[in-house]
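Before any comments, here is the structure.
The values are calculated or read from the model by the stated rules, or taken from the named source; none is laboratory data. Note that this is a predicted model, so its numbers are computed, not measured. Reconstructed Cβ throughout: ideal geometry from the backbone, glycine too, with neighbour counts over all protein chains shown. SASA here: full protein model, heavy atoms, side chains in, ligands and nucleic acids out. Shrake-Rupley method; radii C 1.70, N 1.55, O 1.52, S 1.80 Å.
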Amino acid sequence: MLTTRPRGTNDILPGQVEKWQYLEELARKISEQYGFKEIRTPIFEHTELFLRGVGEATDIVEKEMYSFFDRGERNITLRPEGTAPTVRAFLENKLYANPQPTKLFYIGPMFRYDRPQAGRYRQFNQFGIEVFGSHHPSVDAEVIALACDFFARLGLRDLEVHLNTVGCPDCRGKHKEELIAYFQKREHELCETCQKRLHKNPLRILDCKSPVCQEISKNAPTTKDSACPECQAHFADVKEYLDTIGIKYTEDPRLVRGLDYYTHTAFEILVKGIGAQSAICGGGRYNGLIEEVGGQPLPGIGFAIGMERILLILEQQKLFSLQESNPDIYIAPLGNKTQALAFELAIKLRKKGFKVEKDYLDRSLKAQLKSADRFQVKFVVIIGEEELSKGQVILRDMKTSAQTEISINNLEAYLEGRIEE
Ligand code: AMP
């Protein structure tokens with residue numbers, strides 16, 4: 001146990017970390033280009049926030065939250081998603097007092113007690129964006145466009161945007177009744193959870209993971225069929241905006257998303273041909289959420305992208321060609337008397353902006369040169385006792401293997417010129 005990480009978690013090791021940095025950097029860059037500012041909220045929140053903000057009859061709340069009582073008997077939950085915390089922060093910090101809309105993005109870990117498998121973890125990372133304060137259908141299209149732009153810049157292929165409208169509180173009532181009537185006919189076949197959900201929240205049956213419930217759901221009445229004229233009009237406008245920028249989408253009347261707070265537009269972006277965990281982005285409008293969490297009625301829309309899945313796909317599609325970051329200089333002290341200078345020199349050169357590695361194990365020159373070679377450094381500074389007594393070191397150019405003696409005082413200036421080359 002001591003040397004095993006908890007199920008569903010990952011260590012991100014050197015070699016992988018660079019890929020994460022690349023993804024995160026791109027997420028930040030593109031968010032800024034679209035006018036989004038970063039927000040960082042706590043990893044844990046009061047459980048109540050997710051009961052309200054995600055919905056009590058959702059899979060996340062019913063089965064997947066990491067909740068516990070802290071030492072002060074407060075009911076705490078490790079955040080399973082980023083939207084409710086962002087709304088909470090928006091309200092708590094009165095960001096609504098600024099000119100609207102508010103456009104925020106976040107990148108960070110989420111926690112769900114899911115069944116771990118490739119692409120599905122208990123701690124995973126999401127890049128998400130949220131726009132608060134605009135009903136405009138062009139915002140829906142812009143949010144989808146940002147996600148598509150992110151994937152395009154990564155070079156991802158075989159993407160599908162699935163789009164639906166899940167209606168609003170006005171048309172949801174009618175749809176709920178239709179669903180209850182439909183599912184009641186096969187009530188005893190539904191899974192235990194869905195039998196309980198049937199009257200409380202039948203919409204959730206549509207995204208239940210049980211194969212039987214999925215089969216029964218296939219012919220259930222859709223949200224689109226019962227959408228009111230305003231919802232239909234909004235949906236038509238969103239599609240028109242997407243058409244103008246050439247984003248292809250598939251209408252998917254069964255797409256309802258796993259969270260309760262969605263209204264109007266719901267979308268998912270999938271990658272074809274990668275198996276079960278094909279959803280890489282999910283999002284939609286949530287015009288009721290801000291009020292639900294305790295604010296004034298204000299519309300909102302956003303998405304979350306699963307970063308682990310993006311990495312898996314990038315690797316599958318062989319889209320990574322990252323340059324490893326190698327040190328510029330390796331310092332090779334030979335013998336006890338040279339250690340102090342090696343230590344000082346490494347620190348001094350690093351402060352000047354060089355990337356410097358050194359030997360820490362008192363090894364032979366041969367072993368040190370082998371290390372330097374493995375690090376693919378440009379230069380090795382060899383410090384021998386004899387040269388040191390003359391105020392000199394040996395500089396080895398690893399490309400040509402040429403060695404020159406150089407005065408310690410001139411070393412820095414010399415390296416500056418050569419390494420910039
Ligand atoms: P959701 O917050 O459920 O809408 O999920 C948004 C995206 O996060 C999904 O499309 C996935 O890419 C990713 N995601 C959700 N749950 C997990 C998980 N357990 N492990 C890894 N990625 C996940």
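The residues listed here are T400, T404; of these, the one that is in contact with a Leu (Cβ under 7 Å, 6 or more places away or on another chain) and free of Cβ contacts under 8 Å to residues at least 24 places away in the same chain is T404. For beta carbons closer than 9 Å, sequence separation of 6+ or different chains, a first residue in the stretch 1-26 that is assigned by TED's automatic domain parsing to the domain that holds Y113 and a second that is of a type in the set (K, R) and more than 15 Å from the ligand (Cβ to nearest atom), the qualifying pairs are L26/R153.
Return the total of residues in the stretch 239-256 being more than 18 Å from L159 (Cβ to Cβ) and crowded, with 20+ Cβ neighbours inside 10 Å.
Of the residues in the stretch 239-256, 1 are more than 18 Å from L159 (Cβ to Cβ) and crowded, with 20+ Cβ neighbours inside 10 Å.
What do you reckon, is Q403 in contact with a Pro (Cβ under 9 Å, 6 or more places away or on another chain) and over 27 Å from K19 (Cβ atoms)? No: the conditions fail for Q403. If only residues of the stretch 188-236 that are out of contact with any strand residue (DSSP E or B) (no Cβ under 9 Å at 6 or more places or on another chain) and polar (S, T, N, Q) are counted, the one that is nearest to L163 (Cα to Cα) is S226. What do you reckon, is A145 at pLDDT 90 or above, in the same structural domain as L312 (by TED's automatic domain parsing) and out of contact with any helix residue (DSSP H, G or I) (no Cβ under 9 Å at 6 or more places or on another chain)? Spelling it out, it is not the case that A145 is at pLDDT 90 or above, in the same structural domain as L312 (by TED's automatic domain parsing) and out of contact with any helix residue (DSSP H, G or I) (no Cβ under 9 Å at 6 or more places or on another chain). The C-beta contact set for the stretch 138-156 (first residue among the basic types (K, R), second residue in a helix (DSSP H, G or I), distance under 8 angstrom, 6+ apart or interchain) comprises R153/L26; R153/I30.
Could you list all residues from the stretch 300-334 that are open to solvent by 30 Å² or more (accessible area, probe 1.4 Å) and closer than 26 Å to E386 by Cβ? Hit for the stretch 300-334 is L334, nothing else. Considering V212, V271, the condition of being open to solvent by less than 60 Å² (accessible area, probe 1.4 Å) and modelled with pLDDT under 95 is satisfied by V271 alone.
If the condition is being open to solvent by 30 Å² or more (accessible area, probe 1.4 Å) and not acidic (D, E), then the stretch 10-32 contributes N10, I12, L13, P14, G15, Q16, V17, K19, Q21, Y22, R28, K29.
Please verify whether F68 is within 30 Å of C191 (Cβ to Cβ) and open to solvent by 60 Å² or more (accessible area, probe 1.4 Å), treating the condition exactly as stated. The answer is yes for F68.
May I ask you to say which residue of Y106, Y113 is closer than 17 Å to G284 by Cα, aromatic (F, W, Y) and open to solvent by 10 Å² or more (accessible area, probe 1.4 Å)?
Y106
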